[in-house]
Each structure stands twice: as C-alpha cells, then as structure tokens.
Amino acid sequence: MSLGPVMMGLEGPALSAEEREMLVHPLVGGVLLFSRNYASPEQLEGLCAEIHGLREPRLIIAVDHEGGRVQRFQQGFTPLPAVALLGRLYEGEPRRALALARVTGWLMAVELRSVGVDLSFAPVLDLDRGQCAVIGERAFHRDPEVVAELAHQYMRGMHEAGMAATGKHFPGHGGVREDSHLTLPVDGRGVEDLLLEDVLPFERMIHHGMEAVMTAHVRYPQAHEAVASFSPFWVEGILRRRLAFEGVVFSDDLAMAAAAGAGDMPARARAALAAGCDMVLACQERGHAETVLDGLGDWRKPVTCLRLARLHGRGEVSRASLRRDARWRDAVAQVTGYDEPHNLELI
C-alpha cells in the first residue's frame, strides 16, 4: 500500500479503534501530532511505534516543533528558544549564530527521532517584517539573506540527525498582519517584489536540498486570485517550474479560516491537490479527516507517493543512548545558553 495524500490528527495520547481503521485507509499518508497527543517521552515513543507498525510503507509522523511558542512536546524535551534569537545574535556575532543554528536544528531533530517522529515542520522561512504577530519570533530575521543563511545551517543540523526539512509558509506569510488561522490575509505586493524578498529563502533552501515546502493560506491578488495553497500559479508555476522544486508540497491545515473560500473540507482538499500540493492537512478534528477521505474518491498520483517516501526519518537512535551522547549534552548546554539574557547584551 502506497502513502496517500491526507495527513490526519489524533484525538488523544492513544489510538482509538476508529483511528486505527482510518490510518490504514489508502488515502492516508501521515499523522500530525499535537500537545493533546503527548503525555511523556515513553508514551510518545509507544504511540509512534504503534502508528509505524500499522502499514508498510509506514505512515509519516510529523509535528510542529519549531521552538519558542511553537513546541508541542515540553516535559522531557529540551526547551528550544525562538529562532528569532538566532537572528538577533547574527547581527553581532554571525559566525556564532550560524554555528548555533546548526546545533539547534540537530538537537530539535535528534530528540524527535529518538521517539520515532519522522518530521518537524521546520524551518520557518517567513520574514519578520514586524507586522505579522502569528509569525513574529518564529522567523529568523527580517532580511531574506540572513534567513536563508541561518535556515541552511539549521537544515544541515536536521539532516545530520536523520530528518528532512520543510520550509514554510510559501511564498511568505510575513507581509500581512492577519492570522490565517482566524481570517484570510491578503498581501497586495507584486510578484517581482515577492520573488526578490519573501521567496528568496525558499529558492536558496531548494538549492541546498530542502525536501519539502508548506504553502501559505494567504492571497496575493497581484499574482493570482486563489489563496496560495489552492493556486496553480504559485505551486506549479513558481515553485515547481521557476524554482525547480521536486520535493513534497504540503498544504497548511485545511480547517483554517483562510481556507474557507475554497468550499467544504473535501472541496478544499481537491483544490489543493489540483493546484499541485502532494499532501493536505486535515488535522484539527477527526471529523475533518473523515469528510476529506469520504470526499476525495479514488485519488492517486504516483509521483506524490515517491516524494512522500523520502520523508521518513533516517537512522535509529534510542532515548537512552542519546542521554549518554556527549554531543547531545553539549548541544543542550549551547542551546540553553543562548537563550540567557546575558548572551544577548551585545546584539
């Protein structure tokens, strides 16, 4: 059975009988975990093992684990600072900031890999223009060149830990004030301005081997009337053809308010897949995934199956061996250290 184009969520820290049945549906390809699915590292490791054991190839297990205010698993995991601290550090100590970005990417990824998680939706490649609160300190910096440099090193660390990278939110969420979870943001800038600024980190990261991209639920009317997640202009025209991206394209979650203009949940899924996305997220409630699975019909795209198979975590590391690893202990000390106020005084 190949991997399908739907990523679903779970209701709690253990699988229900209904969820086990849904997870073997041929249109399901992955699971996105949230804080509601976490009780302890031991529980999470068991949950991941059970999900992976349901089918072959195994489902992709993902999470949003960026650091700062977006870190789904807390107790038992190293608290990761917001990546904006790396951007501030870069202004005074660029070499140290780049080295710490690599360490942080590795630490984030290796701790997740040690419990069986395949993928963290990171790094954020949006620009912090000081106007979008939902992005804010989730972004490395306001300068696209700095974002690209720091994100490259962050991805290098992820790769060393056996995790693929997912840049988000294409073509850029930093130029709007609105939160796409709550309403539809509209960015009125022209295509060339977007390509020169917000798209630049994505272009650089694609060149460096980034495996996946997540689209923005933002409308750019100077380019195309549809929200980027549902726009062939952005996904097929710019991302695939102009930037020559051959990896996986994820939609942001279909239940977000900014996606409502595309219709009901099955219509949103069909629109995203028709625009060129490989996998759609229907993760907030089990009913969302159920309606999408019922409404997609017999969907199949062989190239998507091949792309998704490349996102599985690589290498095996146990939690016990990780705690004995001098590199892990050193990484924890470094990452905890740059979050201390005294280390930011020179910025």
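Read-outs: derived from the displayed coordinates by stated rules, not from any lab. Quick caveat: nothing in here was measured; it's all calculated off a predicted structure. Here Cβ is always computed from backbone atoms with ideal geometry, including for glycine, and neighbour counts include all displayed protein chains.
Working ranking of peptides 221-228, 124-131, 3-10 by packing, defined as the average number of other Cβ atoms within 10 Å per residue, highest first, is 3-10, 124-131, 221-228.
Placing unit charges on the Cβ atoms of the charged side chains and taking the dipole of region 160-220 about its Cα centre, the candidate lying farthest along the positive direction among V191, V218, P171 is V218. In region 19-152, taking the dipole from charged Cβ atoms about the Cα centre, the farthest positive-side position among V146, L119, I61 is held by V146. Overall size of region 121-277 from C-alpha positions, given as principal axis extents largest first: 41, 30, 26 Å.
Taking all Cα-Cα distances within region 206-347, those exceeding 27 Å account for 42%. Each Lys and Arg adds +1 at its Cβ and each Asp and Glu adds -1 at its Cβ; summed about the Cα centre, the chain shows a dipole of about 660 debye. Amide H contacts of M214 (H built 1.01 Å from N, in plane; Pro and chain starts excluded): G167, K168, F170, F250 sit under 5 Å, all sequence-distant by 5 or more or on other chains. Dimensions of region 60-199 from C-alpha coordinates, computed as largest minus smallest value along each principal axis and given longest first, are 43, 35, 22 Å. Under the convention that each Lys and Arg Cβ holds +1 and each Asp and Glu Cβ holds -1, the size of the dipole of region 14-86 around its Cα centre is about 180 debye. For the chain, modelled as a GNM whose springs connect Cα atoms under 10 angstrom apart, the maximal fluctuation among L107, L32, L182 occurs at L182. Here is the list for region 239-332: trypsin sites (Lys or Arg not before Pro) lying in DSSP coil, each with at most 15 other C-beta atoms within 10 angstrom of its C-beta, are R300, R310, R314, R324.
Summing Cβ point charges (Lys, Arg +1; Asp, Glu -1) relative to the Cα centre of region 83-223 gives a dipole of roughly 260 debye. Within the chain, helices built from complete DSSP H runs that reach 27 Å or longer along their own axis (Cα positions) and carry a mean Kyte-Doolittle hydropathy of -1.0 or higher are 94-113. Between region 294-322 and region 265-293, the C-alpha centres lie 17 angstrom from each other.
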